[in-house]
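This report concerns only the one structure given below.
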Amino acid sequence: MSYRIAGIDVHKKILAVVVADVSAEGEYDFERRQFGSSPDQLRLLTEWLIEQKIQEVVMESTAQYWRPVWQTLEQHWKAECQTWEGAGPMAGTLHLAQAQSNRGPRGRKRDFVDAERLLKRLVAQELILSFVPDAEQRLWRTVVRRKYQLTCDRVRLQNQLESVLEEAHLKLSSLVSDLLGASARRMLKALADGETNPAALAALADRRLRATQQQLCDALGASKELNPVYRRLVKMALEELQLIEQQMDQLDHEIADLLSQHQIAVQRLVEVPGLGVDSAHQIIAEVGPRRRHFLPRSTLPHGSGYAPEKKRAREFPQATDLRRVTASCGVFSIRLPTPQSRSRAASLRLCFGGYCRAWVTNKPSGQLPIAFVG
């Protein structure tokens, strides 16, 4: 009985597709076709794969060009393939290979040859396959990763604002712990609106601020002869900051609505020392609410350092979103000193089925056969 597999080398505008019957003995007889990446061309690709009775598809791509191909095949080809008579357990399976694992000999790149090598290495189990979650979880990832980008933008904006203030000889950041805190914002807003009196600016500070009024007046003394350009730059920064924070609030509501069916998992993660609601949302978005894809204990923790869709030049790309979240919470280096803390960690392991051992230790657990993308 024939078993046909398709290999797809994905580019921005074209798809190099080869199909072969891998159950035949000897060399594979490849059939080649080229498609575009537009929606119409992807529908034609789906129809052709169904016509060819393809049961598995493996693809390789740089950047994010695999996404529309994956979504189209997942929506149309996969459902149709699983209804065929005599379909095997792997029928309708999509694979995304790490580009580095399909690297060919040095020389000029040839798309169809790359697709053929991709198919052969899949059959020989020589590829590093990437974990791609279902459509719902991919949406979670999109939201939480967008929020992280906005968080980085906020930090960048704060650094730029401090640079402008230093250039204008306003030493406010030396006296306040948070340049974007309530007291600093009131003073910066008044400064942007044209206030020139240092005493009036200093009076806007909160009473609990450690700096004295005299120190604030001295730090804001340059406001008397401040160039109007600096005032406009500060105003622009405050307006951009307000927009970023509004968008972050909207994304918080979005991810809360998306994860409303998994509140138990969120609550159990929040109980772990070092984690909060935002961190819990990010972890669930990255690995899912249940242990469906990570059977070995070492699969999840050690694999959190792979992101093959982002970097093609390295065999083992550096930290992913999951490692960033856990490392930023300090969970990788936490030592649990009390029985209560240990019980909370045990609750976390029960919640995720025991594959979170690396969240309470700093030791690697072995090499991972699955990489994280999506």
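Just to be sure, is residue 89 assigned to a loop (DSSP other than H, G, I, E, B), at pLDDT 85 or above and either outside the structural domain of residue 29 (by TED's automatic domain parsing) or closer than 29 Å to residue 262 by Cβ (or both)?
Values: assigned to a loop (DSSP other than H, G, I, E, B): yes; at pLDDT 85 or above: no; either outside the structural domain of residue 29 (by TED's automatic domain parsing) or closer than 29 Å to residue 262 by Cβ (or both): yes.
No; evaluated as a whole, the condition is false for this residue.
Of all residues in region 183-207, which are polar (S, T, N, Q) and part of a helix (DSSP H, G or I)? Before the answer, list the steps.
Our first condition is that a residue be polar (S, T, N, Q); within region 183-207, this holds for 183, 196-197.
Selection gives 183 alone.
Entry remark, region 1-57: residues being closer than 13 Å to residue 73 by Cβ, touching a residue at least 40 places away in the same chain (Cβ under 8 Å) and among the charged types (D, E, K, R) number 1 in total.
Residue-wise test of (1) under 19 Å from the mean Cα position of the chain (by Cα); (2) modelled with pLDDT under 90.
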{"position": "212", "(1), (2)": "no, no"}
{"position": "224", "(1), (2)": "no, no"}
{"position": "232", "(1), (2)": "no, no"}
{"position": "241", "(1), (2)": "no, no"}
{"position": "245", "(1), (2)": "no, no"}
{"position": "252", "(1), (2)": "yes, no"}
{"position": "262", "(1), (2)": "no, no"}
{"position": "292", "(1), (2)": "no, yes"}
{"position": "299", "(1), (2)": "yes, yes"}
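Being among the aliphatic types (A, V, I, L, M) and under 15 Å from residue 183 (Cβ atoms) narrows it down to one residue among 237, 202, 222; which is it?
202
Picking from residues in region 69-93 that are crowded, with 20+ Cβ neighbours inside 10 Å and in contact with a helix residue (DSSP H, G or I) (Cβ under 7 Å, 6 or more places away or on another chain), the one that is farthest from residue 46 (Cα to Cα) is 92.
Restricting the search to region 39-64, which residues are under 23 Å from the mean Cα position of the chain (by Cα) and crowded, with 17+ Cβ neighbours inside 10 Å? Even if it seems obvious, please write down each step before you answer.
Going through region 39-64, the residues under 23 Å from the mean Cα position of the chain (by Cα) turn out to be 58-64.
Within region 39-64, 58, 59, 60, 61 qualify.
Tallying residues that are in a helix (DSSP H, G or I) and in contact (Cβ under 8 Å) with a residue 60 or more places away in the chain within region 118-135 yields 6.
For residue 265, the conditions (1) surrounded by fewer than 16 Cβ atoms within 10 Å (Cβ to Cβ); (2) over 18 Å from residue 193 (Cβ atoms) are fulfilled apart from (1).
Residues that are over 26 Å from residue 195 (Cβ atoms) and in a helix (DSSP H, G or I): does region 154-168 have at least one? Write out each step before concluding.
Within region 154-168, the subset over 26 Å from residue 195 (Cβ atoms) is 155-156.
Now restrict to residues that are in a helix (DSSP H, G or I): 155-156.
The answer is yes, given that some residue of region 154-168 is over 26 Å from residue 195 (Cβ atoms) and in a helix (DSSP H, G or I).
Only one entry of 168, 192, 202 meets the criterion of being touching a Cys at 6+ places or on another chain (Cβ under 7 Å), over 30 Å from residue 322 (Cα atoms) and buried (at least 18 other Cβ atoms within 10 Å of the Cβ), and that entry is 202. Condition check for residue 272 on (1) of a type in the set (A, V, I, L, M, F, W, C); (2) within 30 Å of residue 189 (Cα to Cα); (3) in a loop (DSSP other than H, G, I, E, B): one failure, at (2).
Would you confirm, using the coordinates I've provided, whether residue 19 is outside any helix (DSSP H, G or I), crowded, with 20+ Cβ neighbours inside 10 Å and over 28 Å from the mean Cα position of the chain (by Cα)?
On the way: outside any helix (DSSP H, G or I): yes; crowded, with 20+ Cβ neighbours inside 10 Å: yes; over 28 Å from the mean Cα position of the chain (by Cα): yes.
Yes; evaluated as a whole, the condition is true for this residue.
Note on region 1-16: residues that are assigned to a loop (DSSP other than H, G, I, E, B) and hydrophobic (A, V, I, L, M, F, W, C) total 1.
A Cβ distance below 6 Å, combined with a sequence gap of six or more or placement on separate chains, defines the contacts here; from region 210-223, residues that are free of Cβ contacts under 8 Å to residues at least 24 places away in the same chain reach residues that are of a type in the set (Gly, Ala, Ser) in the pairs 213/202; 217/199; 217/202.
Of the residues that make up region 71-92, is at least one touching a Pro at 6+ places or on another chain (Cβ under 9 Å), under 26 Å from residue 134 (Cβ atoms) and small (Gly, Ala, Ser)? No, the conditions are met nowhere in region 71-92. Of the set (1) touching a helix residue (DSSP H, G or I) at 6+ places or on another chain (Cβ under 7 Å); (2) part of a loop (DSSP other than H, G, I, E, B), all apply to residue 63 but (1).
The values are calculated or read from the model by the stated rules, or taken from the named source; none is laboratory data. Treat the numbers as computed from the prediction; the structure is a model and nothing was measured. Methodologically, a virtual Cβ is constructed for each residue, glycine included, from the backbone with ideal geometry; neighbour enumeration extends over all protein chains shown.
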